[in-house]
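A.B. asks: Could you have a look at this structure, given as structure tokens, before my questions?
The values are calculated or read from the model by the stated rules, or taken from the named source; none is laboratory data. Only a predicted model underlies this, so the values are computations on that prediction, with no experimental measurement involved. Neighbour counts are summed over all protein chains in view; Cβ atoms, including those assigned to glycine, are modelled from backbone coordinates with ideal geometry.
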Amino acid sequence: MTDLDERLSRFIDERKSKGRFRKLREYDTSANSSLIDFSSNDYLSLTSSPALRQAYLARLAESPQVLGSTGSRLLSGGTPAHHVLEDRFASFFNSPSALLFNSGWDANVSFFSTAPQHDDWVVYDELVHASVHSGLRSSRVKQERRLAFKHNDPSSLSDVLRAIQYPAGGTVFLALESLYSMDGDFAPLSQLLDVLDSHVPPSKQCVVLDEAHSTGVYGVSGRGIVRALGEEGRVAVRLMTFGKAVGCSGAVLLCSPTIRTFLINFARPLIFSTALPHSTLISLSCAFDLLESAEGERRRLALFTLSRYLDSLLAPLLAETPRSVLSLPPTSPTPFPQSTCPSLPPCPPSPILGLITPTPHALSAYLLERGFIVRPVVPPTVPPGMERVRICLRADMGTEVLDSFVEGIREWVKTSREQSERTVSSNQNTSMIQKRPRIEVKAKL
């Protein structure tokens, strides 16, 4: 073993000792498998849609280009097909322009590592995605100019903005997510934008909203939350990703033509990465055809129905379960109280649910034995004390599956409480024995 291997092994052992060790796990989640996956981000079940598969294969058969793009967008990888798809997304999401990326991570890192400058401020929700932080670490923005506010808290945002001194020419970037992937809650977008307006002139603002988990699910035909609320004028940059509800891969950054041109010239992940292959462009075109169809609407409604049903099953269970055993994250206020969009009610159902427990690995293993794949989430992905299992719903799940799933959780709660009571009783008995007075026997001489 080399010195490097030994040093890295110590890091690995330390992570194991803290219960934070990760390893790749592969499960058979095909149609023939007995396992039911509650960890997939395939919210609309598009990856198993017969209609999408058929359309995709037919389009591949007639396309002259189906394999690799052969280079980066600045070299041989830029084709008319890429430009056509970007134009479609700009129109679909109502944006001045659009720029494709290989992933949402690449897009966030590209933007936050290049756009904010040394005299700017970046204010962000404390639970914003790790890709934002990775981008900022490579940016010119000093640590003291990167400020977090409490999750989904307009008052906390106001406090942070009040403390900022605006330099001439400086911009205040506000980084948010529409739907947060760990708690499954929504940003009160319009309220946060109102707070920003009250502290920062519009000319000095740049709001960046990550819609990774809302793309395809919310708004008309899945156009997202900004579009549903009509807030395109106040959100300068939107990230829409395609590896979740859209069932494909890649991402698009919706922005002004100036920002698009800037990223083409300065964003290293874009400049030095091979462009999306034609097979992906074709799959995206087919997927968005489906999202705009009656089947897309049917799948969104099915997902919402399942979400409400799961909430109704868990509510009585959690009401009778000590929070020290199992609980939900803190509740947020109604995110969209003024929404009049039928596809985005004031308090929409979420396909993501986090169940907080101090023993997420135990709960995950228990459910796996019963045929349910649920992943434990531990620090540093979530803060210490917020360990959990993360539940994701898919549109093609049946209510009977949720019945069995919640029953499995109920059994685990019962078993955990019984084990805890036995442990307490055992400890009390041990303590009583230790406290008994000693009887000294003196030997007779």
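A.B. asks: Can you name the helices (runs of 4 or more DSSP H) wholly within the range 242-324 that have at least 2 residues being aromatic (Phe, Trp, Tyr)?
C.D. replies: Counting at least 2 such residues, we get 257-266, 294-319.
A.B. asks: Given the criteria within 24 Å of the chain's Cα centre (by Cα), of a type outside the set (Gly, Ala, Ser) and not in a helix (DSSP H, G or I), does Phe89 qualify?
C.D. replies: In short, no.
A.B. asks: Let me ask something else. Quick check on the range 216-228. Is at least one of its residues assigned to a strand (DSSP E or B) and under 23 Å from Ala107 (Cα atoms)? Full working, then the answer.
C.D. replies: Step one: of the range 216-228, the residues assigned to a strand (DSSP E or B) are none.
Looking for residues that are assigned to a strand (DSSP E or B) and under 23 Å from Ala107 (Cα atoms), one finds none in the range 216-228, hence no.
A.B. asks: So, one more: Checking the condition touching a Pro at 6+ places or on another chain (Cβ under 8 Å) and assigned to a helix (DSSP H, G or I), which residue from Ser364, Ser404 passes?
C.D. replies: Going through Ser364, Ser404 in turn, just one is touching a Pro at 6+ places or on another chain (Cβ under 8 Å) and assigned to a helix (DSSP H, G or I): Ser364.
A.B. asks: Looking at (1) surrounded by fewer than 17 Cβ atoms within 10 Å (Cβ to Cβ); (2) not assigned by TED's automatic domain parsing to the domain that holds Asn102, which one does Thr274 not meet, given that it meets all the others?
C.D. replies: (2)
A.B. asks: Another one. When the residues of the range 313-331 are filtered to those that are more than 21 Å from Tyr180 (Cα to Cα) and of a type in the set (Ser, Thr, Tyr), which remaining residue is modelled with the lowest pLDDT?
C.D. replies: Result: Ser324.
A.B. asks: Might you check whether a residue that is closer than 18 Å to Thr171 by Cβ, of a type outside the set (Phe, Trp, Tyr) and surrounded by fewer than 24 Cβ atoms within 10 Å (Cβ to Cβ) occurs anywhere in the range 213-224?
C.D. replies: no
A.B. asks: For residues that are under 24 Å from Glu400 (Cβ atoms) and of a type outside the set (Val, Ile, Thr), tally how many sit in the range 303-350.
C.D. replies: 21
A.B. asks: Yes or no: the range 35-52 includes at least one residue that is farther than 24 Å from Leu284 by Cβ and either free of Cβ contacts under 8 Å to residues at least 12 places away in the same chain or in contact with a Gly (Cβ under 9 Å, 6 or more places away or on another chain) (or both).
C.D. replies: yes
A.B. asks: Within the range 356-374, can one find any residue that is under 25 Å from His151 (Cα atoms), acidic (Asp, Glu) and not assigned by TED's automatic domain parsing to the domain that holds His133?
C.D. replies: No, there is no match, as no residue in the range 356-374 is under 25 Å from His151 (Cα atoms), acidic (Asp, Glu) and not assigned by TED's automatic domain parsing to the domain that holds His133.
A.B. asks: Would you mind finding the one in Arg20, Arg10 that is over 30 Å from Ile264 (Cα atoms), outside the structural domain of Ile282 (by TED's automatic domain parsing) and surrounded by 12 or more Cβ atoms within 10 Å (Cβ to Cβ)? Walk me through it before giving the result.
C.D. replies: Details: Arg10 fails: surrounded by 12 or more Cβ atoms within 10 Å (Cβ to Cβ).
Of the residues listed, the single one that is over 30 Å from Ile264 (Cα atoms), outside the structural domain of Ile282 (by TED's automatic domain parsing) and surrounded by 12 or more Cβ atoms within 10 Å (Cβ to Cβ) is Arg20.
A.B. asks: Picking from Ala236, Ala228, Ala187, Ala163, which residue would you name as being among the aliphatic types (A, V, I, L, M) and under 17 Å from the mean Cα position of the chain (by Cα)?
C.D. replies: Values: Ala236 fails: under 17 Å from the mean Cα position of the chain (by Cα); Ala228 fails: under 17 Å from the mean Cα position of the chain (by Cα); Ala163 fails: under 17 Å from the mean Cα position of the chain (by Cα).
Of the residues listed, the single one that is among the aliphatic types (A, V, I, L, M) and under 17 Å from the mean Cα position of the chain (by Cα) is Ala187.
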